[in-house]
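The structure under discussion appears below in the form of structure tokens.
The values are calculated or read from the model by the stated rules, or taken from the named source; none is laboratory data. These numbers were taken from a predicted model, which means no experiment stands behind them. Note: ideal-geometry Cβ built from the backbone for every residue, glycine included; neighbour counts use all protein chains shown. Note: accessible area is taken over every heavy atom of the protein model, side chains too, but ligands, DNA and RNA are not part of it. Shrake-Rupley method; radii C 1.70, N 1.55, O 1.52, S 1.80 Å.
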Amino acid sequence: MKRSFLLVFMAMSLLASAQTQQGYVKTKGRMDAQGNLIPGQGLKGATVSVQGLTAVLVNSDNGDFSFPVSNGQFRLESVNKKGYQLVDMDACPRNYNYSGNPLYIVMETPDQQLQDKLTAERKIRRNLQRQLQEREDEIETLKANQKITDEEYCQALQKLYSDQESNEQLISDMAKRYSELDYDQLDEFYRQVSYCIENGELVRADSLLNTKGDVTQQVEEQLRKGQAIKEKEEQLGKAKAAHAADREELAKRCYSYFEAFAAQHLNDTAAYYLELRASLDSANVDWQLTAAEFFMEYVGDYDKSFEIYQRAYRTIMQRPDTYQVELFKLYNNMGIYYYYIGDIDLAKTNLLKGIGIMKQMRGENASDLSSSYENLSVIYDDEGTSDSAVFYAEKARSVEAASFGKESPGMASILHNLGMNYMHYAMAEDTEEYYDKALEYYQEALRIARLNFGEESSTVSNIYNSMSALYDYRKDYRKALEYAQKDVETTKAIYGEHHPLVAESYNGMGLTCYYLGDYERAAACYYKSLTMMKRYFANEQTSKYEVYVNLGSLHLKQQEYDSSAYYYSSFINAYEKIYGKHRDIALVYGKLANVYIEQKDYPEAIRLLLIAANMEEELGGSNKVYLATYYLNIGVLYGKMEQYDKSLPYLENAYRIRKEVYGEEDERAVNLLERINTTKEEIKKQKK
């Protein structure tokens, strides 16, 4: 049956690889009187608090600690140790970038820090006093030798004392610097220079600095190099602009090739040009998402799709705050990816992560959430969890109405899905009320679809298809055929005579003819559908071959067992190439087993049913009713072979699941319990 899955192509459940920031809490490194380093000591027992993380307690003797950094930045809120204070009071609270170098947090006792400041200030004052005395002596000598006039002498002294007054701020600044200086973090050269300056050995400091060469010449050389680099950067900028323009032109050409081949449904070739465009700029997230989406949906190359999604993810995680919308799309797309490969749990997990991001960005009623909720509804519906399917469909309906109105184009799809939810409710519980409710939703969806799109739209044809299925299940096959024909006519009017969606419509009409008992017409519809599919999907790397299953069932009904087995096996082979394991594959293994049951080849039928049951178990076992059916059939077949000891465990598993899903009063569970008791009696007889 034709059914659209709303593809809000969105993305991936990968965790950011967190970087680890190393650090140390320590006292200052100092210099002794001989100019030798006295290293600082690690401070065990300090507490380091980083925003968003649990506080880190420093347990090592050398004061080292570490914490994860997920987005390249972190905020250091506080560092505390009893009896100690930060040497640099501006160290926190403060934002930092992640670094491969350790983060040094220097602390001292308040008394020690005050003593260091007073000591530094005393040294600086003494040095400046000595310089003042030397300068006074120099001025006195000049006057004595009559090298300057009395007026010049007075002016020189006034300037000297004026400079001395302005040095007070300099003394304070230098004292603060040297009281906070951690000599551990300096290399040996600047350690010695700083030591000389702090202790007033300015000639020695000057001598050390001169060993590096003429700083004036080096600055001039550096400026020349800077100018040369600037000129090269200007040239490079022009080259980059030309390169970017060429890239954009090539990207447009690639996309035009893609559109041309996609219009011919040559999806492999179309995908090649999308990937070629994506390779032009791996940092262009939109290009990556578009390519990955096409490989996933239209080519069925899930490995390639995942590879491209990873490329997009790496770009996003370099600037996650900038790419929040893209991250939302990634998580949602990977939800769809996991749905396609049959991992329902991961599909739901990723969709919910995407929803969480969008809620945080734009609130509970963000318009983008409508499609996400609808996708969750489809997943729960396919899983058979009708309550959750309806819950998320109603959330989609609420968001859609708040964002776009009760008769928006998207509302038609949401109501269509709600109709399918209630139809599956009705199928599970055989309740006329739910069939009526499903039909009510379909009719309202059809009204809104016609209002927004007219008669010739894919939404209208999809609703016709579902209404046909509804009447099939109500056994009103004439009415079902009426809507199946409308589906075919509408789809042909939109897409022409030979489109894959027309093939799906013919497949749906063939199913209705099958129910009517018109096997000749059913076969004609099925083969017409298959011919169209093969025209577009010659390599069978597509999930569009449901017609194989229907052909298998038709030939089984006509007791053409070889043909039935061929078509069931063809479906399994096509799907296994795409998915590896999938719930639909398990279901068709169960159908294929029926071919061998009809031929009384019970061992082969059991083998196929075990494959179906094991696949369902590996995929999480959420389709419990089907799993119970596999176990029941295996148990029955072992019973037919009078291998009652093998039959019993499977019957008991089937009973356990039926009772869990429907309760002990379930008619089939009651019948199963009777069969189990009979089997136990047969085991007793065999033992006698």
- Message: Against the condition surrounded by fewer than 19 Cβ atoms within 10 Å (Cβ to Cβ), in a helix (DSSP H, G or I) and touching a residue at least 40 places away in the same chain (Cβ under 8 Å), how does Val625 come out, does it pass?
- Response: yes
- Query: Which of the residues spanning the stretch 314-361 are touching a residue at least 24 places away in the same chain (Cβ under 8 Å) and not in a helix (DSSP H, G or I)?
  - Reply: Pro320, Asp321, Tyr323, Ile341, Gly342, Asp343
- Query: When both residues are 6+ apart or on different chains and their Cβ atoms are under 7 Å apart, which pairs have a first residue that lies in the stretch 201-228 and is under 15 Å from Phe189 (Cα atoms) and touching a residue at least 40 places away in the same chain (Cβ under 8 Å), and a second that is in a helix (DSSP H, G or I) and among the basic types (Lys, Arg)?
  - Reply: none
- Only unsatisfied item for Arg478, checking (1) surrounded by fewer than 16 Cβ atoms within 10 Å (Cβ to Cβ); (2) touching a residue at least 60 places away in the same chain (Cβ under 8 Å), is (2)
- Query: For the stretch 184-197, does any single residue satisfy the condition of being modelled with pLDDT under 90 and more than 55 Å from the chain's Cα centre (by Cα)?
  - Reply: yes
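Okay, residues lined up against (1) at pLDDT below 90; (2) closer than 26 Å to Gln599 by Cα:
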site: Asn633; (1), (2): no, yes
site: Val636; (1), (2): no, yes
site: Gly639; (1), (2): no, yes
site: Tyr650; (1), (2): no, yes
site: Tyr662; (1), (2): yes, no
site: Glu665; (1), (2): yes, no
site: Glu681; (1), (2): no, no
site: Lys687; (1), (2): yes, no
- Note on the structure: Of the residues in the stretch 342-361, those that are at pLDDT below 90 and charged (D, E, K, R) come to Asp343, Asp345
- Note on the structure: Pairing a residue in the stretch 672-688 that is over 10 Å from Leu651 (Cα atoms) with any residue that is open to solvent by 90 Å² or more (accessible area, probe 1.4 Å) and assigned to a helix (DSSP H, G or I), where Cβ atoms lie under 9 Å and the two sit 6 or more apart in sequence or on different chains, gives Ile683/Asp645; Gln686/Asp645
- Can you name the number of the only condition in (1) at pLDDT below 95; (2) open to solvent by 30 Å² or more (accessible area, probe 1.4 Å); (3) in a helix (DSSP H, G or I) that Tyr548 fails? (2)
- Query: Identify, please: which residue in the stretch 395-417 is in contact (Cβ under 8 Å) with a residue 40 or more places away in the chain and open to solvent by less than 50 Å² (accessible area, probe 1.4 Å) and is, among those, nearest to Asn465 (Cα to Cα)?
  - Reply: His416
- Return the total of residues in the stretch 288-306 being outside any helix (DSSP H, G or I) and either surrounded by fewer than 22 Cβ atoms within 10 Å (Cβ to Cβ) or touching a Cys at 6+ places or on another chain (Cβ under 8 Å) (or both). 1
- Task: Being under 22 Å from Tyr380 (Cβ atoms) and open to solvent by less than 20 Å² (accessible area, probe 1.4 Å) narrows it down to one of Ala574, Ala586, so name that one.
- Result: Ala586
- Message: With buried (at least 24 other Cβ atoms within 10 Å of the Cβ) and part of a helix (DSSP H, G or I) as the only criterion, which of Asn462, Asn452 stands out?
- Response: Asn462
- Item | Leading residue by the ranking (nearest to the chain's Cα centre (by Cα)) among those in the stretch 634-665 that are in contact (Cβ under 8 Å) with a residue 24 or more places away in the chain and part of a loop (DSSP other than H, G, I, E, B) | Met641
- Within the stretch 261-282, how many residues turn out to be open to solvent by less than 50 Å² (accessible area, probe 1.4 Å) and of a type outside the set (Phe, Trp, Tyr)? 10
- Query: Among the residues of the stretch 488-508, is there at least one that is in contact with a Gly (Cβ under 6 Å, 6 or more places away or on another chain) and part of a helix (DSSP H, G or I)?
  - Reply: no
- Tell me, which helices (runs of 4 or more DSSP H) wholly within the stretch 184-287 include 3 or more residues that are closer than 30 Å to Gly496 by Cβ? 215-263, 267-280
- How many of the residues making up the stretch 58-71 are assigned to a loop (DSSP other than H, G, I, E, B) and either buried (at least 19 other Cβ atoms within 10 Å of the Cβ) or without any contact (Cβ under 8 Å) to a residue 60 or more places away in the chain (or both)? 7
- Taking the options Leu592, Leu556, name whichever one is open to solvent by 20 Å² or more (accessible area, probe 1.4 Å), over 17 Å from Ile341 (Cβ atoms), in a helix (DSSP H, G or I) and touching a residue at least 40 places away in the same chain (Cβ under 8 Å). Leu556
- Give the residues of the stretch 86-131 that are open to solvent by less than 60 Å² (accessible area, probe 1.4 Å), assigned to a strand (DSSP E or B) and closer than 18 Å to Lys28 by Cα, sorted by residue number. Leu86, Leu103, Ile105, Val106, Met107, Glu108
- Message: Residues to consider are Leu439, Leu511, Leu501; find the one that is over 23 Å from Ile585 (Cα atoms) and touching a residue at least 24 places away in the same chain (Cβ under 8 Å).
- Response: Leu439
- Message: Can you tell me how many residues within the stretch 171-221 are within 23 Å of Leu86 (Cα to Cα), surrounded by fewer than 18 Cβ atoms within 10 Å (Cβ to Cβ) and of a type in the set (A, V, I, L, M)?
- Response: 2
- Message: Condition first: open to solvent by less than 70 Å² (accessible area, probe 1.4 Å) and under 17 Å from Phe189 (Cβ atoms). Now tell me which residues in the stretch 31-49 satisfy that.
- Response: Met31, Gly35, Leu37
